[in-house]
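Trainee: I have a structure here, written as structure tokens, and I will follow up with some questions on it.
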Amino acid sequence: MLADLTAGAVEDSQARAAEKPLAEVERAAADRAPALDVLAALAPADRVKIIAEVKRASPSRGDLAAIPDPAHQANLYETGGASVISVLTEGRRFKGSLADLEAVKGSVGIPVLRKDFLATPYQVLEARASGADLVLLIVAALDQPTLAELFDLTNQLGMTALVEAHSADEVARAADVGARLIGVNARDLSTFELDRDLFGRLVDGIPADVVKIAESAVLAPADVAHYRAAGADAVLVGEALVTGDPVATLRRFLDVGDPRGVSA
């Protein structure tokens, strides 16, 4: 499934490239205001940080929410205390678009993540051209040379890469390219099964100076507390926010105590 999602995303980007050539996208990326400081936004603190996701649908859950106005949804997230907004831009299974990303970027003052299945330089460039401050790079979808190439391009464009892993080997590969944000996704992107304890098993392999992000399987404050106790600096939340009251949900999640014993 991951290979299919990545191939579809690349095919769609090739269709866009036929209408907007690489040179035009490069100019648009260069014209954008500098990307925001994501590492500062997600730096370890005395309480967990939240990456709040604008997400209409997924292959595993089907339709979640219509979200006719992504900018309004993002405003609610910012009001609720999110540190970063994630925007699904994949259109086939997640019903997102780059227009969603641009709308969100124009409406909030915090960093915005392009969450998609990126495998080519064109996709990274169009993320910056659309206003992204950071992009998702999924280790399982990329060989190591491509991962390194896209990671380096992301840095050259002033963005930050959230490098996503699903195994100890993938965590090591993320560290090898120099990732400063490493996410562990509890959802297996081949089977879509969830393993909420995966983060806890892999976290010791993430370098100490790297921001550690737990992704998926967050539906209640207890899930946030579980990840925080395991060592997460931030959690990425989607479904729980688009299917309920996002402001109230965010505030409940942020009110979770710090089981790690960290104090300000």
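Trainee: List every residue pair whose Cβ atoms lie under 8 Å apart, where the two residues are 6 or more positions apart in sequence or sit on different chains, the first residue falls within segment 1-21 and is under 17 Å from Phe94 (Cβ atoms), and the second residue, located anywhere, is among the polar types (S, T, N, Q) and in a loop (DSSP other than H, G, I, E, B).
Mentor: Here the result reads Met1/Ser190; Met1/Thr191; Leu2/Ser190; Val10/Thr120; Ser13/Thr120, each pair linking segment 1-21 to a residue that is among the polar types (S, T, N, Q) and in a loop (DSSP other than H, G, I, E, B).
Trainee: When segment 158-184 is examined, which residues are found to be assigned to a strand (DSSP E or B) and touching a residue at least 40 places away in the same chain (Cβ under 8 Å)?
Mentor: Matches in segment 158-184: Thr160, Leu162, Glu164, Leu181, Gly183.
Trainee: Mind telling me which of the residues Ala29, Ala40 ends up being surrounded by fewer than 19 Cβ atoms within 10 Å (Cβ to Cβ), at pLDDT 95 or above and either within 19 Å of the chain's Cα centre (by Cα) or under 22 Å from Val124 (Cα atoms) (or both)?
Mentor: Testing whether each residue is surrounded by fewer than 19 Cβ atoms within 10 Å (Cβ to Cβ), at pLDDT 95 or above and either within 19 Å of the chain's Cα centre (by Cα) or under 22 Å from Val124 (Cα atoms) (or both) leaves just Ala40.
Trainee: Here are Ala119, Ala127: which of them is among the aliphatic types (A, V, I, L, M) and free of Cβ contacts under 8 Å to residues at least 60 places away in the same chain?
Mentor: Criteria check complete, one pass: Ala127.
Trainee: Is there a residue being exposed (fewer than 13 other Cβ atoms within 10 Å of the Cβ), closer than 22 Å to Ala45 by Cβ, at pLDDT 95 or above and not aliphatic (A, V, I, L, M) anywhere in segment 208-225?
Mentor: Yes, some residue in segment 208-225 is exposed (fewer than 13 other Cβ atoms within 10 Å of the Cβ), closer than 22 Å to Ala45 by Cβ, at pLDDT 95 or above and not aliphatic (A, V, I, L, M).
Trainee: Look through segment 226-257, keep the residues that are farther than 21 Å from Leu189 by Cα and of a type in the set (Ser, Thr, Tyr), and return whichever of them is surrounded by the most Cβ atoms within 10 Å (Cβ to Cβ).
Mentor: Among residues in segment 226-257 that are farther than 21 Å from Leu189 by Cα and of a type in the set (Ser, Thr, Tyr), the one surrounded by the most Cβ atoms within 10 Å (Cβ to Cβ) is Thr249.
Trainee: Condition test on Val224, is it under 19 Å from the mean Cα position of the chain (by Cα), over 30 Å from Asp4 (Cβ atoms) and either not in a loop (DSSP other than H, G, I, E, B) or not charged (D, E, K, R) (or both)?
Mentor: Yes: the conditions hold for Val224.
Trainee: Any residue in segment 44-70 that is without any contact (Cβ under 8 Å) to a residue 40 or more places away in the chain and closer than 10 Å to Arg93 by Cα sitting within a Cβ distance under 6 Å of a residue that is among the charged types (D, E, K, R) and in a loop (DSSP other than H, G, I, E, B)? List the pairs, counting only those 6 or more apart or interchain.
Mentor: Filtered contacts from segment 44-70: Ala57/Lys95.
Trainee: Please verify whether Ala15 is farther than 18 Å from Val235 by Cβ and not β-branched (Val, Ile, Thr), treating the condition exactly as stated.
Mentor: yes
Trainee: Oh, and also: Among the numbered conditions (1) over 19 Å from Ala29 (Cα atoms); (2) crowded, with 18+ Cβ neighbours inside 10 Å, tell me where Gly91 comes up short.
Mentor: Unmet for Gly91, out of (1) over 19 Å from Ala29 (Cα atoms); (2) crowded, with 18+ Cβ neighbours inside 10 Å: (2).
Trainee: Related question: Just to be sure I understand, how many residues within segment 94-146 are closer than 21 Å to His72 by Cα and polar (S, T, N, Q)?
Mentor: The number of residues fulfilling the criteria is 3.
Trainee: Of the residues that sit in segment 57-88 and are touching a Leu at 6+ places or on another chain (Cβ under 7 Å), buried (at least 21 other Cβ atoms within 10 Å of the Cβ) and of a type outside the set (A, V, I, L, M, F, W, C), which one is nearest to Gly238 (Cα to Cα)?
Mentor: This residue is Ser86.
Trainee: Report, by residue number, each residue of segment 49-94 that is of a type in the set (Val, Ile, Thr) and more than 16 Å from the chain's Cα centre (by Cα).
Mentor: Across segment 49-94, the qualifying residues are Ile67, Thr79.
Trainee: Would you confirm whether or not segment 102-111 contains a residue that is of a type in the set (Val, Ile, Thr), touching a residue at least 40 places away in the same chain (Cβ under 8 Å) and farther than 22 Å from Asp63 by Cβ?
Mentor: Scanning segment 102-111 turns up at least one residue that is of a type in the set (Val, Ile, Thr), touching a residue at least 40 places away in the same chain (Cβ under 8 Å) and farther than 22 Å from Asp63 by Cβ.
Trainee: Being aromatic (Phe, Trp, Tyr) and part of a loop (DSSP other than H, G, I, E, B) narrows it down to one residue among Phe151, Phe192; which is it?
Mentor: So the residue among Phe151, Phe192 that is aromatic (Phe, Trp, Tyr) and part of a loop (DSSP other than H, G, I, E, B) is Phe192.
The values are calculated or read from the model by the stated rules, or taken from the named source; none is laboratory data. This is a predicted model, so every value here is computed, not measured. Note that we place each Cβ from the backbone using ideal geometry, even for glycine, and neighbour counts take in every protein chain shown.
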